[in-house]
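Novice: Shown below is the structure under consideration.
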Amino acid sequence: LVEHWNRAGSPPAELADAFRTFVMGFVCMPYTHAVKEANALAALRDGGKSEMEEGDGEETDADAEGVVNAAGPHMPANLCGSSKQSTVVDCALRYFEQSLKPNLYRVVPEIEAKMASLEQADAEEASSAFPRPPGAHLRMISPALELVKMVTAVLALDGDLAERVQALRRNLLAQLHIRDFSAEAQFREPCRTARLADVACRWCHDVADLDLNRDSQDVDGERSWWCLKCGHQYPRAEIEGRLVLIAQRRSLGYQLQDVQCMRCRGLRTGQLTFRCNTCGCGFGTRSRPAEVREELLALGEVARAHKLDYLGEVVQWLL
């Protein structure tokens, strides 16, 4: 199994390791169970395995169990059992109740106690403990809180565990003395998204859509974008020129947009009309200023992380 979590690049290294331990364990344990069940069904269907097939099956099981054991020392390898009545969902539920929950209840207070010195120090010093990848815009201070939000957000993707994950999240937040519905307890994407469509490679002519913050790589101290097909670098000047044009057109579109009624959504026809002739409600813009500002800030983060000076100046002037 290969993992690729952009979220794991935001917290400090020790929290990223804990995040991978819990999430990979949750993924690998049902996977191991599914592999064993598939081998058993194949053996029954074929009427018995040959010696070569037995060797292949044992190697597959051993590899899967090795992944599970590598995820953490507190994870029992035989948690799902070998009963044919056990399903993958039952295996995930047992792992969640018997391994993941107790380990989270143990690890979160330990991290909170270990990082207490940072929380008692200056806020800027505490925030500097978190790396700042391209596009990062949230100010994080509590490592234990961020770990709880990360792990529970991923586990909640499994619909069979939604209620159990919600209860686990509530209890973990209570340990940290944080209300369940407070603003700081809500999971938010820590990295702004800035996508650029139809970027063509000059070498192989392959066309791809780039996430400018997540798809960039640091080579020799300079962040840039590289073609996944041939490995050549995309032209930075061309990308910067397209981003400048996007920022200018977005600002121009906001200035020239139609004004509509906030209730019936009817467009204003008179330049001096203050109230809608149909319902009497006030007028407002179709796109909110916060949306435009968020898009420009995302482009500003791209300019900061990749040292695109011209784009940075344009975005700063438009803001």
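Novice: State yes or no: is Val292 in contact (Cβ under 8 Å) with a residue 60 or more places away in the chain, touching a Phe, Trp or Tyr at 6+ places or on another chain (Cβ under 7 Å) and open to solvent by less than 60 Å² (accessible area, probe 1.4 Å)? Before the answer, list the steps.
Specialist: Details: in contact (Cβ under 8 Å) with a residue 60 or more places away in the chain: no; touching a Phe, Trp or Tyr at 6+ places or on another chain (Cβ under 7 Å): yes; open to solvent by less than 60 Å² (accessible area, probe 1.4 Å): yes.
Spelling it out, it is not the case that Val292 is in contact (Cβ under 8 Å) with a residue 60 or more places away in the chain, touching a Phe, Trp or Tyr at 6+ places or on another chain (Cβ under 7 Å) and open to solvent by less than 60 Å² (accessible area, probe 1.4 Å).
Novice: Additional query: Of the conditions (1) aliphatic (A, V, I, L, M); (2) free of Cβ contacts under 8 Å to residues at least 60 places away in the same chain; (3) under 23 Å from Arg304 (Cα atoms); (4) in contact with a helix residue (DSSP H, G or I) (Cβ under 6 Å, 6 or more places away or on another chain), Ala194 fails just one. Which one is it?
Specialist: It is condition (2) that Ala194 fails.
Novice: Could you say whether any residue in the range 42-65 is under 20 Å from Leu155 (Cα atoms) and either in a helix (DSSP H, G or I) or at pLDDT 75 or above (or both)? Quick ask: steps written out before the conclusion?
Specialist: Applying the first criterion (under 20 Å from Leu155 (Cα atoms)) to the range 42-65 yields none.
No.
Novice: Additional query: Just a yes or no: is a residue in the range 278-286 within 29 Å of Gln233 (Cα to Cα), outside any strand (DSSP E or B), within 35 Å of the chain's Cα centre (by Cα) and not aliphatic (A, V, I, L, M)? Explain how you work it out, then say what you get.
Specialist: From the range 278-286, those within 29 Å of Gln233 (Cα to Cα) are none; that's our starting set.
No: the range 278-286 contains no residue that is within 29 Å of Gln233 (Cα to Cα), outside any strand (DSSP E or B), within 35 Å of the chain's Cα centre (by Cα) and not aliphatic (A, V, I, L, M).
Novice: Starting from the range 169-187, keep only residues that are free of Cβ contacts under 8 Å to residues at least 12 places away in the same chain, then list their pairs with residues that are in a helix (DSSP H, G or I) and open to solvent by less than 30 Å² (accessible area, probe 1.4 Å) whose Cβ atoms are within a distance under 6 Å, requiring at least 6 positions of separation or different chains.
Specialist: Going by the 6 Å Cβ cut-off, the qualifying pairs are Asp180/Leu173.
Novice: When the residues of the range 170-201 are filtered to those that are in a loop (DSSP other than H, G, I, E, B) and touching a strand residue (DSSP E or B) at 6+ places or on another chain (Cβ under 9 Å), which remaining residue is nearest to Ile246 (Cα to Cα)? Give the derivation first.
Specialist: Taking the range 170-201 as the starting set, the residues that turn out to be in a loop (DSSP other than H, G, I, E, B) are 176-182, 186-190, 192-194, 201.
Now narrow it down to the ones that are touching a strand residue (DSSP E or B) at 6+ places or on another chain (Cβ under 9 Å): 190, 192-194, 201.
Details: Pro190: 23, Arg192: 16, Thr193: 14, Ala194: 11, Cys201: 20 Å.
If we take residues in the range 170-201 being in a loop (DSSP other than H, G, I, E, B) and touching a strand residue (DSSP E or B) at 6+ places or on another chain (Cβ under 9 Å), then Ala194 is nearest to Ile246 (Cα to Cα).
Novice: Within the set of pairs 6+ apart or on separate chains, which have a first residue in the range 231-257 that is of a type in the set (Asp, Glu), a second that is open to solvent by less than 50 Å² (accessible area, probe 1.4 Å), and C-beta atoms under 6 Å apart?
Specialist: Filtered contacts from the range 231-257: Glu240/Leu308; Glu240/Leu311.
Novice: Of all residues in the range 1-28, count the ones that are modelled with pLDDT of 75 or more and either within 23 Å of Val89 (Cα to Cα) or polar (S, T, N, Q) (or both). Working first, answer last.
Specialist: Step one: list which residues in the range 1-28 are modelled with pLDDT of 75 or more, which gives 17-28.
If we keep only those that are either within 23 Å of Val89 (Cα to Cα) or polar (S, T, N, Q) (or both) too, we end up with 19-28.
The qualifying residues number 10.
Novice: Can Ser86 be described as at pLDDT below 70, more than 21 Å from Gly25 (Cβ to Cβ) and either touching a helix residue (DSSP H, G or I) at 6+ places or on another chain (Cβ under 8 Å) or not aliphatic (A, V, I, L, M) (or both)? Don't jump to the end; show me each part of the working.
Specialist: Values: at pLDDT below 70: yes; more than 21 Å from Gly25 (Cβ to Cβ): no; either touching a helix residue (DSSP H, G or I) at 6+ places or on another chain (Cβ under 8 Å) or not aliphatic (A, V, I, L, M) (or both): yes.
It is false that Ser86 is at pLDDT below 70, more than 21 Å from Gly25 (Cβ to Cβ) and either touching a helix residue (DSSP H, G or I) at 6+ places or on another chain (Cβ under 8 Å) or not aliphatic (A, V, I, L, M) (or both).
Novice: In the range 287-309, how many are in a helix (DSSP H, G or I) and within 21 Å of Asp218 (Cβ to Cβ)?
Specialist: As a first pass, look at the range 287-309 and keep what is in a helix (DSSP H, G or I): 289-306, 309.
Keeping just the survivors that are within 21 Å of Asp218 (Cβ to Cβ) gives 298-306, 309.
Here the count works out to 10.
Novice: Kindly indicate which of Ala197, Ala167, Ala183 is over 21 Å from the mean Cα position of the chain (by Cα) and loosely packed, with under 14 Cβ neighbours inside 10 Å. Before the answer, list the steps.
Specialist: Details: Ala197 fails: over 21 Å from the mean Cα position of the chain (by Cα); Ala183 fails: over 21 Å from the mean Cα position of the chain (by Cα).
Among Ala197, Ala167, Ala183, only Ala167 is over 21 Å from the mean Cα position of the chain (by Cα) and loosely packed, with under 14 Cβ neighbours inside 10 Å.
Novice: Quick check: is even one residue across the range 246-262 touching a Lys or Arg at 6+ places or on another chain (Cβ under 9 Å) and open to solvent by 80 Å² or more (accessible area, probe 1.4 Å)?
Specialist: Let us first name the residues in the range 246-262 that are touching a Lys or Arg at 6+ places or on another chain (Cβ under 9 Å), namely 257-261.
Restricting the remaining residues to those that are open to solvent by 80 Å² or more (accessible area, probe 1.4 Å) gives none.
The answer is no; no qualifying residue exists.
Novice: Could you figure out which of (1) in contact (Cβ under 8 Å) with a residue 12 or more places away in the chain; (2) open to solvent by 20 Å² or more (accessible area, probe 1.4 Å); (3) part of a loop (DSSP other than H, G, I, E, B) isn't true of Asn213?
Specialist: (2)
The values are calculated or read from the model by the stated rules, or taken from the named source; none is laboratory data. Everything numeric here is computed off the predicted structure, so don't read it as measured data. Note that each Cβ is placed from the backbone with ideal geometry, even for glycine, and that neighbours are counted across all protein chains shown. Heavy atoms of the whole protein, side chains included, go into the accessibility calculation; ligands, DNA and RNA do not. Shrake-Rupley method; radii C 1.70, N 1.55, O 1.52, S 1.80 Å.
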